[in-house]
Amino acid sequence: MKTVLVTGASGFVGQALCAELHRHRHGFQVRAALRKPHPDFTGNEQAIVPALDEHTDWSAALQEVEVVIHLAARVHVMKDTSTDPLAEFRKVNVLGTENLARQAVRAGVMRLVYVSSIKVNGEETVGQQSYTEQDAPSPQDPYGVSKWEAEQALQRVAQETGLEVVIVRPPLVYGPGVKGNFISLLAAVSKGVPLPLAGADNARSLVYVGNLVDALIACATHPAAAGQTYLVSDGAPVSTAALVEKIAGALGCRSRSFYFPPVLMRAAAALLGRSAQVDRLFGSLRINDEKIRRELGWVPPYTLEQGLRATAEWYRDQR
C-alpha cells in the first residue's frame, strides 16, 4: 500500500483529508505531519515536524512516501502585525515548500499535490468573468504573492527533477471546523442578527471541505493530473444574499437579512477602513472548474446545500 504524507494535518482541511483517507484508504497508508503528537490521529501514522521553513528536516517523515499532499502554510490573516508580512509568508510558503519538494525528490516521492489559493488569480471577478487556470496570475496581497511564488518554485523543481507536481487553487473553503468570516456569518444568522445583505447580487464560488478533499485525492491518484493546475469549487456560484438564506435554512432559523444600498455600504466601509470586508460580501469571485471535471472526470460528491447542512449540524453541536 502506498504511503501518503499529509502536511498541515491538524488544520481544518488536513483533518478532513486524513479522516477520509483513513476511512476509505483510496490505496493509501496515511502519515500525518504534525507539530506535536495529536490524539485525533491515533488511526494514522504521525510524523512530528516542529516548523516549516527552508531549514526543516523532512527526512524521517518522507521515508517510504510516494505522494505528498502539502497543506501546511502560513495562512492569510486579516490584521497582520509583521513588519514585513511578505518576508514572513515567503519564509514558510515559498522557501519551506521548495525545501520540502527537494527533500521529497531525494526520498523517492513520485508526486506532490500543492494546495495553493484562488488568490493567485486575483481578488475578484467582474460581470460574467470567471477565473480559469489559463488566466495570468494577479495576486494582490502578500499571502497571494507567496502562494504564486511557491507554485513557480515547485514548477522549477518539477522541471529539474521530474517530480510530478499538481497544483490546486480553492476559493473559500467551508464545512465542519471552519473558522474566520464564515463561522462569524453562521453565528450572526443563528442569533438573528439583522444583516444588510439582501442587496448583495454578486456571485461567489465556494468549495465544501468534503468536495475539496475528494478533489485532492483525485489529484493524488489520477495519472492525468501530473503537471497540472486545477481550480475547484462546488459548482455554480452563489450570491451573498442567497448564501445567507441558505445558511438560515440549514440552521432551521429565519433570516433577518434586509436591503441596504450597496453603494452606501461601500461608502461607509471606506470611511471606517473596512473596504476589504465589504468587498468580500458584495464583490464577485467566479470560478470555472471545467478543467478538473473534464480531465479527471471529477464531480463534487456534495451539493452546496448538503455542505451547508453538515456545517450547520457541526455548528449546533459546538454550541
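Of all residues in region 278-305, those satisfying the criterion of being more than 22 Å from Cys219 (Cβ to Cβ), assigned to a helix (DSSP H, G or I) and either among the aliphatic types (A, V, I, L, M) or in contact (Cβ under 8 Å) with a residue 60 or more places away in the chain (or both) are Val278, Asp279, Arg280, Leu281, Phe282. For region 176-231, a residue qualifies if it is basic (Lys, Arg) and touching a strand residue (DSSP E or B) at 6+ places or on another chain (Cβ under 7 Å), and exactly one does: Arg204.
Checking Leu231, Leu308 one by one, the residue that is crowded, with 21+ Cβ neighbours inside 10 Å, more than 30 Å from Pro137 (Cβ to Cβ) and out of contact with any Leu (no Cβ under 8 Å at 6 or more places or on another chain) is Leu308 and no other. Given the criteria modelled with pLDDT of 95 or more and closer than 24 Å to Gln128 by Cβ, does Tyr230 qualify? Yes, satisfied. Taken over region 267-285, the criterion of being modelled with pLDDT of 75 or more and either surrounded by fewer than 17 Cβ atoms within 10 Å (Cβ to Cβ) or in contact with a Gly (Cβ under 9 Å, 6 or more places away or on another chain) (or both) is satisfied by Ala267, Arg280, Phe282, Ser284, Leu285.
Of everything in region 97-153 that's among the charged types (D, E, K, R) and out of contact with any Lys or Arg (no Cβ under 9 Å at 6 or more places or on another chain), which residue is nearest to Val4 (Cα to Cα)? Per the criteria, the residue is Arg111. Of all the residues in region 179-227, those that are assigned to a helix (DSSP H, G or I), at pLDDT 95 or above and surrounded by fewer than 16 Cβ atoms within 10 Å (Cβ to Cβ) number 2.
The values are calculated or read from the model by the stated rules, or taken from the named source; none is laboratory data. Note that the coordinates shown come from a computational prediction; the quantities given were computed from them, not determined experimentally. FYI the Cβ positions are ideal-geometry reconstructions off the backbone, even for glycines, and counts take in every protein chain you see.
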